[in-house]
Amino acid sequence: PTQSTWGRKRRSTIQAQFRMHMHPNVMRLLSVLLCCLLCAQQSVANEFLSREPETETIRVPKVARTRFEMTSRETKHVFVGEFYKEENQDGTWNIQLTVKFGDLCFYFDNGKMFSHECPSEQSLPPKEDDSLCYPALDVPPVLFLQSVFDRARTVLKNDFIIDADMLACPGTLYHIEYTRVPYVMCVVNHRLSHVLSEHFILKLLDDVFLDGRAPLIPPAPLFDYASIFEMCEQSSHDHPSLLLSPFDAHAMRPGEQSWYELRILSDKMVPCAFLHGVGNTDIGPPADTFPEYWGKVHEVTPQCSKRTFVRQETKMRGWDDISLQKAYCAVLLQDQPEWPSIQQYFTADSGNVTVYSALGYVPKATGKIIFAHSMGNLVLAGAIQGKVCDVDMWFEVQGPMAGSLAAKTVVEICTGKTVVEGLEREALTRFGYCIPNTHLPYPAYTTMSNEDPRLPSLDAIAHTKVSAALCGTCFSGIVPDPTNFDRVEEWLGLNLIGAYMRYKERSDGMVPWSSCSSGVNGRSFDDHYQSNFYAATVNHADGTCRSGDGWWGSSRMPCKWYASRRLPY
C-alpha cells in the first residue's frame, strides 16, 4: 500500500486495516493456479520426472469459466471464487478472477487487482474511493503463463512420492513449475479435479475439460469495473525474475527438489545458533526454540544437531552495548572446549573485562552455523571488533550493515526533530519504536542510523566473515495469519514505515537493499531460496521465518532458505 492509500482508508482499528490488506499472496497464487485449470501438456516418462515432455499438447477451450474452493493445509482457511478466461485472436489471454474470504472480495483483471467488501444483492458495485488497489508486485505476472505450461510433465506414482493427496488422485498427475515452485494437477477423464501444492488443495466445483470441449457453465465475463481498474495502474518494480526469459524465470534449477519428493538428509549435522535483532523484550537464558521471534525455524533446519536461541533485551540496548555483546558471544562459545575456563568473563557482572584483556587471546567459535538477523549482525561484528569473541563465519539475515534511514527517521519522529502529525508518533509508539509517554526513541534505534560513523568498520568485518545472506526486497512481504494479532500489528507497522519512507530502492521496510547487500562485498544474489545470497520478496519480520513461507514463488520462502544452508567446509 502507498502512503496515500493508508491516508485514504482511515480504518478505525488495526483489524479493519488488516482485512483490507490481507491475503494478496493468495490472489497472486490463485490467478496463476487457476490457469492450470485450463492448460496442460501431456508427456510420457519412463522414470520419475526424468524425460523432456512430448510435443503433443492437450487442447484448451478458448473461453472458459469455473468456480473453485481452496483450503489451506496449515490453517484450514477456505477461499471460494470464480475464474474466467478468454483467448484473443493473437493467442494471448484475458483473465478475470474473483475470490471471497469472509466478507472481503478480491478482483483480478490481467495485470491489475483491487479488493473491496463483498457487495450484497442490494448494494451498489464498488466505488473507487472505497476500493484498495494493489501494487504491481502483489499482482501475478501472467505474461509467462502459457510458456510455463509448455513444460508440463506427467508424474508417475512411486515410492518417492510422499504426499497422500497426490497418491489418492484416481487419474493422471501433471507437474508444472511457476516462479520456480512446483505444483501438481490431478486430471481425471480429461477433467481437471484438483490442484495441489505444499500449502493448499484447490478443488474445482464445476467441470473444466482439458481436451477442448466447452465447460458446463456458460462463459461470460465475471465483472466490469473498468473505472476502478483504470485507477489501479501498475507501478514499476525491478523484480529480477521478470527480466529473464519465460523458462528461466519460472523453471526449477537442476538439483532443486519438489515438495512431494522423499528427502534423504546425508549432510553432516552441526550445532546452530540464532542471534536475534532489535525489538526483543523476552529476556531469559538461551532456549532451544524461540517461536515469538523465529517462528518455526527450529522445525525446518534438519542440518542442526541442536539449536540455541539468544534471548536478550534489545530495545534499551544497542549493538554497541558490551553486556549484549558478551551475552551473544556466550551462546556461541558455550560448547567450545575452553568454555569452562573462560565463562567467568562473560557473566553479567564481569563488566568491561574481556578474555583478551585478561588472557591475551580472543576465543573463537568454530564448526557452528550462525544465523544473525537485523541488529544481531552488528552485535556480532561489534564483538569481533572489540575482541570479545570471534567466529570463522556467519550467515547474515537483513543486516543494516550500512545503517538504516528508517532507523534515523524513527529517531527524528520520536524526538520531534521531524515535524509530523501526532498520528505518526502515536503509530510508532504503538508499534514499539518510541518509548510511551516520552519524546524518545528506544535507544537501540539510535545506534543503527545510516549516519553513524562507526558502521563502515563493522561492514568491513562482515566482508570477511559472511558466507551467505538473505536480503528483503518488499516491505509488504508475506501477509501473516489474521488470527495472530501480534504479527498483524507488526506487519502493519512495517507497511506504515515502508510507505512513509518512500525508498528509492528495494527495501524490507527497515533496511534498504544497499545496506543489507553491503555486508557481502558485491556478491551476486538470486531470487531462489537455495542460493547462498538470496534476494527474497519479504519484509524485515518475514526474514526470520516467523511468517512461514509464501504460497507461491521461490523468492517468498525464507524458511526454506534456512533449511538449505550448510557450512562451506
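Quick one: is residue 455 surrounded by 23 or more Cβ atoms within 10 Å (Cβ to Cβ) and either more than 21 Å from residue 550 (Cβ to Cβ) or free of Cβ contacts under 8 Å to residues at least 12 places away in the same chain (or both)?
Working: surrounded by 23 or more Cβ atoms within 10 Å (Cβ to Cβ): yes; either more than 21 Å from residue 550 (Cβ to Cβ) or free of Cβ contacts under 8 Å to residues at least 12 places away in the same chain (or both): yes.
For residue 455, the condition - surrounded by 23 or more Cβ atoms within 10 Å (Cβ to Cβ) and either more than 21 Å from residue 550 (Cβ to Cβ) or free of Cβ contacts under 8 Å to residues at least 12 places away in the same chain (or both) - is met.
Scanning the range 461-482 for residues that are touching a residue at least 40 places away in the same chain (Cβ under 8 Å), open to solvent by 10 Å² or more (accessible area, probe 1.4 Å) and part of a helix (DSSP H, G or I) turns up 461, 463, 465.
With respect to the conditions (1) part of a loop (DSSP other than H, G, I, E, B); (2) at pLDDT 90 or above; (3) closer than 26 Å to residue 269 by Cβ; (4) open to solvent by 20 Å² or more (accessible area, probe 1.4 Å), residue 302 falls short on a single one, namely (2).
Quickly run through the range 500-534 and pick out the residues that are aliphatic (A, V, I, L, M) and open to solvent by 10 Å² or more (accessible area, probe 1.4 Å).
First, pick out the residues of the range 500-534 that are aliphatic (A, V, I, L, M): 501, 510-511, 520.
The answer is 501, 510.
Among the residues of the range 517-528, those that are assigned to a loop (DSSP other than H, G, I, E, B) and at pLDDT below 90 comprise 519, 520, 521, 522, 523, 524, 527, 528.
Whether a residue is in contact with a helix residue (DSSP H, G or I) (Cβ under 9 Å, 6 or more places away or on another chain), under 22 Å from residue 294 (Cα atoms), part of a loop (DSSP other than H, G, I, E, B) and open to solvent by less than 30 Å² (accessible area, probe 1.4 Å) was assessed, and residue 495 does not pass this test.
If I go through the range 309-330 residue by residue, how many of them are among the β-branched types (Val, Ile, Thr) and buried (at least 23 other Cβ atoms within 10 Å of the Cβ)?
Initial filter on the range 309-330 (among the β-branched types (Val, Ile, Thr)): 310, 314, 322.
Remaining after also requiring buried (at least 23 other Cβ atoms within 10 Å of the Cβ): 310, 314.
Total satisfying the criteria: 2.
Would you check if there is a residue in the range 429-449 being assigned to a helix (DSSP H, G or I), at pLDDT below 95, farther than 19 Å from residue 374 by Cβ and open to solvent by 10 Å² or more (accessible area, probe 1.4 Å)? Yes; the residues of the range 429-449 include at least one that is assigned to a helix (DSSP H, G or I), at pLDDT below 95, farther than 19 Å from residue 374 by Cβ and open to solvent by 10 Å² or more (accessible area, probe 1.4 Å). Among the residues of the range 131-142, is any over 22 Å from residue 209 (Cα atoms) and either surrounded by fewer than 16 Cβ atoms within 10 Å (Cβ to Cβ) or at pLDDT 75 or above (or both)? No: zero hits.
All of (1) in a helix (DSSP H, G or I); (2) of a type in the set (Val, Ile, Thr); (3) open to solvent by 10 Å² or more (accessible area, probe 1.4 Å) hold for residue 413 with one exception: (3). When the range 266-298 is filtered for residues that are in contact with a helix residue (DSSP H, G or I) (Cβ under 9 Å, 6 or more places away or on another chain), farther than 30 Å from residue 353 by Cα and open to solvent by 50 Å² or more (accessible area, probe 1.4 Å), the ones remaining, listed by number, are 289, 291, 292, 296. Apart from one condition, residue 351 fits all of (1) within 30 Å of residue 473 (Cβ to Cβ); (2) modelled with pLDDT under 90; the exception is (1).
In the range 63-77, the residues that are in contact (Cβ under 8 Å) with a residue 12 or more places away in the chain form Cβ pairs under 6 Å with partners that are of a type in the set (D, E, K, R), at six or more places apart or across chains, as follows: 63/86; 64/85; 66/206; 67/82; 67/206; 69/203. Residues in the range 156-172: is at least one in a strand (DSSP E or B), modelled with pLDDT of 75 or more, crowded, with 19+ Cβ neighbours inside 10 Å and out of contact with any Phe, Trp or Tyr (no Cβ under 6 Å at 6 or more places or on another chain)? Looking through the range 156-172, none of the residues is in a strand (DSSP E or B), modelled with pLDDT of 75 or more, crowded, with 19+ Cβ neighbours inside 10 Å and out of contact with any Phe, Trp or Tyr (no Cβ under 6 Å at 6 or more places or on another chain). Just one of (1) within 17 Å of residue 544 (Cα to Cα); (2) open to solvent by 40 Å² or more (accessible area, probe 1.4 Å) fails for residue 357. It is (1).
Looking only at the range 528-547, decide whether some residue is without any contact (Cβ under 8 Å) to a residue 24 or more places away in the chain, basic (Lys, Arg) and closer than 30 Å to residue 426 by Cβ. Checked the range 528-547: no residue is without any contact (Cβ under 8 Å) to a residue 24 or more places away in the chain, basic (Lys, Arg) and closer than 30 Å to residue 426 by Cβ. Residues in the range 336-358 that are farther than 16 Å from residue 324 by Cβ and among the polar types (S, T, N, Q): 336, 341, 343, 344, 357.
For the range 255-293, the tally of residues that are among the β-branched types (Val, Ile, Thr), modelled with pLDDT of 80 or more and over 19 Å from residue 325 (Cα atoms) stands at 2. Applying the set (1) assigned to a helix (DSSP H, G or I); (2) under 19 Å from residue 326 (Cα atoms); (3) free of Cβ contacts under 8 Å to residues at least 24 places away in the same chain to residue 383 leaves exactly one unmet item: (3). Residues that are open to solvent by 10 Å² or more (accessible area, probe 1.4 Å), β-branched (Val, Ile, Thr) and within 20 Å of residue 306 (Cα to Cα) within the range 363-406 comprise just one, 366. Out of 296, 315, one residue alone is farther than 21 Å from residue 394 by Cα and modelled with pLDDT of 90 or more. It is 315.
The values are calculated or read from the model by the stated rules, or taken from the named source; none is laboratory data. The structure displayed is predicted, hence computed values, not measured ones. Every residue, glycine among them, receives a Cβ derived from its backbone with ideal geometry; neighbour counts consider all protein chains shown. Note: areas computed on protein heavy atoms with side chains; ligands, DNA, RNA excluded. Shrake-Rupley method; radii C 1.70, N 1.55, O 1.52, S 1.80 Å.
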